Amino acid sequence: MRTAHFTPLLLLLAACFPTYIPSPPAGAGNDTSEPSDTSDTSDTSTPDDTDETGETADTAPVDDTADTADTADTADTADTADTAACSTRVRKVTPANGATDVWFEDDIVFLLSAADATATISSTLPGTTTVDGKTITFSPDPSMAGSATYTVALDGCFGSESTTFTTSVYGDAVLDPSGLVDRSWDAQVISGTWTSPAGVSTLLSSYITADMLLGVTDEGSGTLDLRFGATDSTGSTQDLSINTVDAAGGDWSANPRFTSTPADAAITINGYETTMYTVEVTGVFSASGDSIGALKLSGLVDTAPLVPLIDPAGAEDTLCDLMASLGETCTACPDGTPNCMSVIIEDIPAPELTGVTTEEVTGGSGVACSTASAAMPLGFVGLLLAGKRQSKRRK
């Protein structure tokens, strides 16, 4: 019986450890069939087969699994290190992706969460890149074309961030410069941005009831002659009761951009005559000439002669004192007197008034003029002063 129980154990050992078959213990019995079976089992699991697959101690799958795990751990560690090394992100891009009506001279600006020394601009646009800490600015040079789509990307440790945008109709040269002559544009001053005097811009614009009329009287080699008038109450034609001012020889060398010749204009408001110095108008024509973009009007008004409008007994600086109470300051006039008020209005919409030619008016009944100069056709100066009186009464 003992031999019968021991024989299966021998078979199991032979199968698991074919190179080692222990001898049965003494007294295991005289049955010779058991050793014969054991030998057969040993032949089934031949040492030669084991050699072909490799020694058990050098089992490859176990080692490969460990190596794979180590490799994965290494990759994870590298990824974690890369992420930790670059936490920079793009916070804002101007113009935004998908933006339209972008001004052709605008810069493309990327604002980062932190400075990135590896950041670079990539674009088909030529230009220059300026880095100021977390702000990266790309300035196209030359300027962008009108009605065109561009893509600008910023590549850095964070990856790549891009913006695709389309420019406005402004940027291309006027196709037929001579075709601008005898055409007129409606400068909607009330809709412009009053950058000076900014503190009372809302009040000032509320008193304006007419637009400025801008006409081209001649166009030459690098020069443009302009005439300023006023529209009627409908804004569809010229008000022939308002005197006009001619500004010949304006700068037209940077077509489509123009700058009128600065001129001094004598103006009379309610019987009080003063001067608006260095009146200047700048803007950019669309390629077809059917509108003017970025229209800007600027000048200096001598307030001293107009003080009686709000205080008949006031000193010359009365209007400037009122300006100061509204957060604005007066500046020196070109003639040295200290009481000039700066007037700057930007981004004035100016669509073309089709079929209208700005006629010269010298004897209108609107704003009177002196014998030395034509009258300035902009009633907004008087309206501004009316606004000052209104503001003073409300205090």
- Item | Lone qualifier among Gly171, Gly215, Gly127 - being under 23 Å from Gly250 (Cβ atoms), at pLDDT 95 or above, surrounded by 15 or more Cβ atoms within 10 Å (Cβ to Cβ) and in contact with a Phe, Trp or Tyr (Cβ under 7 Å, 6 or more places away or on another chain) | Gly171
- Within region 95-124, which residues are surrounded by fewer than 16 Cβ atoms within 10 Å (Cβ to Cβ) and either free of Cβ contacts under 8 Å to residues at least 40 places away in the same chain or of a type in the set (Val, Ile, Thr) (or both)? Thr100, Asp107, Leu111, Ser113, Ala114, Ala115, Ala117, Thr118, Thr120, Ser122, Thr124
- Before we move on, is Val281 surrounded by 23 or more Cβ atoms within 10 Å (Cβ to Cβ) and over 30 Å from Ala148 (Cα atoms)? no
- Query: For region 241-316, list the strands (runs of 3 or more DSSP E) that sit wholly inside it and hold at least 2 residues that are in contact (Cβ under 8 Å) with a residue 60 or more places away in the chain, of a type outside the set (A, V, I, L, M, F, W, C) and on the phi < 0 side of the Ramachandran plot; which are they?
  - Reply: 263-269, 272-285, 291-302
- Message: List pairs: first residue in region 343-370 and assigned by TED's automatic domain parsing to the domain that holds Ile242, second residue among the charged types (D, E, K, R) and modelled with pLDDT of 85 or more anywhere in the structure, Cβ distance under 6 angstrom, at least six positions apart or on different chains.
- Response: Glu346/Lys296; Pro351/Asp186; Glu352/Asp290; Leu353/Asp186; Thr357/Asp182; Thr358/Arg227
- Message: What's the total number of residues in region 152-186 that are farther than 20 Å from Ile348 by Cβ and in a helix (DSSP H, G or I)?
- Response: 3
- Query: Looking at this structure, is Asp321 assigned to a loop (DSSP other than H, G, I, E, B) and either touching a residue at least 24 places away in the same chain (Cβ under 8 Å) or not assigned by TED's automatic domain parsing to the domain that holds Val102 (or both)?
  - Reply: no
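The values are calculated or read from the model by the stated rules, or taken from the named source; none is laboratory data. Since the model is a prediction, treat every value here as computed from it, not as a measurement. Positions of Cβ are backbone-derived with ideal geometry, glycine not excepted, and every protein chain shown enters the neighbour counts.
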